[in-house]
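The values are calculated or read from the model by the stated rules, or taken from the named source; none is laboratory data. If you're wondering where the values come from, they're calculated on a predicted model, not measured in any experiment. Neighbour counts run over all protein chains shown; Cβ positions are idealised from the backbone, glycine included. The accessibility values were calculated without ligands, DNA or RNA, using every heavy atom of the protein model including side chains. Shrake-Rupley method; radii C 1.70, N 1.55, O 1.52, S 1.80 Å.
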Amino acid sequence: MAILAAINPALTAGWHQPDTRDMGRDTGWRLKDYEARGGYQALKKIVTDKFSQDQVIAEVKASVLRGRGGAGFPTGLKWSFMPKGAPEKYIVCNTDEGEPGTFKDRDLMRLDPHAVIEGMVIAAFAVGAVRGYNYIHGEIYELYQRFEEALAEARAAGYLGSNILGSGFDFDLFAHQGYGAYICGEESALLESIEGKKGQPRFKPPFPAQVGLYGKPTTINNTETFASIPYILRQGGQAFLDLGKPNNGGTKLFSVSGHVNKPGNYEVPMGTPFAKLLEMCGGMRGGRKLKAVIPGGSSAPVLPGHIMMDCTLDYDSIAKAGSMLGSGAVIVMDETVCMVKSLERLSWFYYEESCGQCTPCREGTGWLYKMVHRIEHGQGRPEDLDLLDDVAKNIMGRTICALGDAAALPVRSFVQHFRDEFAYHIEHKKCLVPPDIQRAGSTFHTRLMAGATC
Amino acid sequence: MLSEATLKNIDREVAKYPPEQKQSAVMAALHFAQTEKGWLSRDLIGYVAQYLGMPEMAAYEVATFYNMYDLKPVGKYKITVCTNLPCALSGGVHAADYVKQKLGIDFNETTPDGKFTLKEGECMGACGDAPVMLVNNVHMRSFMTPEEIDKLIAECK
C-alpha cells in the first residue's frame, strides 16, 4: 500500500509511490533521500542551536501531538514524566501494529524509516536516554530487515552512536522483532516481550516512566508519534498544531479498509470531516450504501454510517459520537455486511489473543465468542442479547490491561446499534441481509466463489 | 545442534542488549532456530535456552506464547492467510477458501507431499492490501486475487 492522497502532509511529503506488490523495488526510503527532503535537519537544529532538554519537550507540548498508537495521550507530557538524572533510561518505539484495521506504521517503516529514527533520537535527547529499541511486528520481517539497514546508515552518518553530531550526546538504537502476539501492542506487555518473556501486561502504576524496560525509566511511543517529531522540531510546535485543530494537533495517517473503492493510507489534518475522507477513498465500493464504520481500529465501538457521516476525524468529535479515534484505522462496512458475522470474527480474535492472565478476560472473551457464534449459527436464545451485554460489562474495568475492554466494546456497540439484526438472527435463525446481497460484498467472492454466507 | 551461521545471527541479536540481558534475544534466537530446522522441537528449544543461559521452561513459555513459532513440523512452505474482519471485507476468507480448494487441505493441515501447510492468521497490519498472505513467516504477499494465488503456488517449487 502507499499513501493514496493527502491534505497538507507533514509526514508523507516527498514520499515515493511504491510498487504495490514488490517491496524490493521501493525507492526513497534511504538516508540520502530522507536528507534530500529535509531529514535530520531537526536533529541538526537541536545540536547547532544548543536546545535544552526542556526546550525540546516544550516544543512537543506546544504541538499538542497526541499519542498515535490509540490512547491519544499528549506526547510532550509523557516525556516530561521521565525522571531527570537517572543513569539508565530507555526509549522504546511500538511498531507492533496488529490492531485489526491499522496499517499505517507499516507504510512509515517501509517508506520513511529514517523519520522514525530521527524522532527517536530527538526523544532520547529530550529524556536523557542512552539506548532504544524499536519493537517491530513479527509479520513484517522484511521491514525489520529494512529498518536494520536504515539504522546502519544512520550510524555511519553519525546520527546514532556516541557523540552524535559532535554534541557529546550518546544514543544507540536497535530493532527487536515480535513474533505474533497482538497483546504485545500493549506497552507493558511489549516491555516484557523485549525482556524475553511472555507478553503479559504489568500492573500500572508504576508506569514505564518510573519502572520500564529492565526496571528502568522508559518512554514508549507509537511509530507515527516518533515520525511526527522531526516536523515539530523543524517547523515549530505551533505550526504542527495549526495543521490540525485545538487540542488535536497536526495531521494524522488514517488507514481505511473495507468497502471503499480505494482502501489505503491517507494523511489528513485532524478535524477533517469523515465525509471528505470517504470522498478521497473514491467513495463506497460499487456505489453501495454505507452501513457502519469502526473509526479507530477493531477495539473501538462501531458507529452507524449516518452518525459517522456527521463526525470529523479528531479525538474529541469521535468521542462525542460514542467511539474512539484510536489508531486512525477506519473500517468501512456497506449494506452487504452481516453485523453478527462481523462481530463473531472480531470476538474470535480477542478470545484467541487474550494473554490468559486475568480471569474476566480469559474466560469472558470465550463466553462472548461462544454466544455470538451461536447467534450467528441459528442457535441463539432470546435472553442472549442481555447476557452478552452483561458479560461484556463484567469484563470492563476488571482486567490489568485494556484488552478486556477492547473485547467488550465491539460487542456492546454492535448489539446497541444493530440490535434488530441480532434479534432477527435469533428469531428466524438466519440473517436479515439476504445471502445474495452478502455475496456481492466481497470482490473476491463475486468473481470466483459461491456460497459461504450466513 | 545449530549451524555456525545461525549461531552468528543469534550472537548478533544478543549484542543488542545489555550484557546481563541475554534472554532478550530469545525471540529472535528461536526464530533463527526455526528457520534452520523448520520447526521447534523440545530439544531445540532447550538448546536455545542453554545457549542464552536461561531456564528451558522460560524459553518454552516464549515458544508457546507467540503464534508464529511452529511446535510441530510444517510443510516446506507455510502459508498464513489473514481472515480478520478488515481483510474479510475485501475477500480474505474467500482467498483462504481458494487456497484450501487448490491445495486440498484445511487450516492447520499439510499436503501429503509435505510441501504446503496452511494457517489462519490474525491481523498482519496490512489490511489495505487485502487479501494478504504471509509465506514462511517472512514474505508478505498483497492483493491475493485467484491469479496471484496461482502464481504464488507455482513459485513454490
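Among the listed pairs A:LYS262/B:LYS151; A:LYS78/B:LYS8; A:LYS197/A:LYS341, those with a Cα-Cα distance over 27 Å are A:LYS78/B:LYS8; A:LYS197/A:LYS341. Calculated accessible area for the protein assembly as shown comes out at 36 Å² per residue, all protein chains present (probe 1.4 Å; ligands, DNA, RNA ignored). Dividing the convex hull volume of the alpha-carbon atoms in the range A:200-324 by its residue count gives 145 Å³ per residue. Each other residue within a Cβ distance under 12 Å of A:LYS320 adds +1 if Lys or Arg and -1 if Asp or Glu, for a net charge of -3.
Taken as Cα centroids, the range B:87-157 and the range A:394-423 sit 30 Å apart, rounded to the nearest whole angstrom.
If you wrap the Cα atoms of chain B in a convex hull and average its projected area over all directions, you get 9.9 nm². The C-alpha atoms of chain A define a longest principal axis, and helix A:339-353 lies at about 50 degrees to it. Close amide H contacts of B:GLY121 (hydrogens built in the peptide plane, cut-off under 5 Å, sequence separation of 5 or more or a different chain): B:VAL81, B:CYS82, B:THR83. Relative contact order of the range A:2-52, taken over Cα pairs closer than 8 Å and 6 or more residues apart, is 21 percent. Contact residues in the range A:168-191 by the 10 Å² criterion (accessible area, 1.4 Å probe, full protein complex versus chain alone): A:PHE174, A:ALA175, A:HIS176, A:GLN177, A:TYR179, A:GLY180, A:ALA181.
Across the range A:254-409, Cα-Cα pairs more than 28 Å apart make up 25 percent of the total. Each stretch of four or more DSSP H residues adds -39500 (n - 2.57); spread over every residue of chain A, this sum gives -12500 deg cm²/dmol at 222 nm. For the range A:21-63, the list of trypsin sites (Lys or Arg not before Pro) that fall in a loop by DSSP and count at most 11 other C-beta atoms within 10 angstrom reads A:LYS50.
Ligands, DNA and RNA left out, the 1.4 Å accessible surface of the protein assembly as shown is 52% carbon and sulfur atoms.
With N as its number of residues, the range B:1-81 has a Cα radius of gyration that, divided by 2.2 N^0.38 Å, comes to 1.05. For the set A:GLU192, A:GLU363, solvent exposure ranked by accessible area (probe 1.4 Å, protein chains only) runs largest to smallest as A:GLU363, A:GLU192. Translational diffusion coefficient of the range A:1-87 (Stokes-Einstein, Kirkwood radius from Cα pairs, 10 °C, 1.306 mPa s): 99 µm²/s. Using the Karplus relation 6.51 cos²θ - 1.76 cosθ + 1.60 with θ = phi - 60°, the per-residue 3J(HN,Hα) values for the range B:121-128 come to x, 9, 3, 9, x, 9, 4, x Hz, with x marking Gly and Pro. Between the helical axis of B:26-37 and the longest alpha-carbon principal axis of chain B there is an angle of about 70 degrees. Scalar couplings 3J(HN,Hα) for the range A:152-157, obtained by applying the Karplus form with A = 6.51, B = -1.76, C = 1.60 to θ = phi - 60°, are 5, 4, 5, 4, 4, 8 Hz; x denotes Gly and Pro.
Relative to the longest principal axis of the Cα atoms of chain A, the long axis of helix A:384-395 makes an angle of roughly 20 degrees. P(r) tail for chain A, what percent of Cα pairs lie past 40 Å? Tail fraction, whole percent: 19.
For the range A:164-268, the ratio of Cα radius of gyration to the globular rule of thumb 2.2 N^0.38 Å stands at 1.37.
For A:THR272, the amide hydrogen comes within under 5 Å of the amide hydrogens of A:LEU313, counting only partners 5 or more places away or on other chains and with H modelled in the peptide plane. In this structure, the amide hydrogen of A:ASN8, modeled 1.01 Å from its nitrogen in the peptide plane, lies closer than 5 angstrom to no residue at least 5 positions away or on a different chain.
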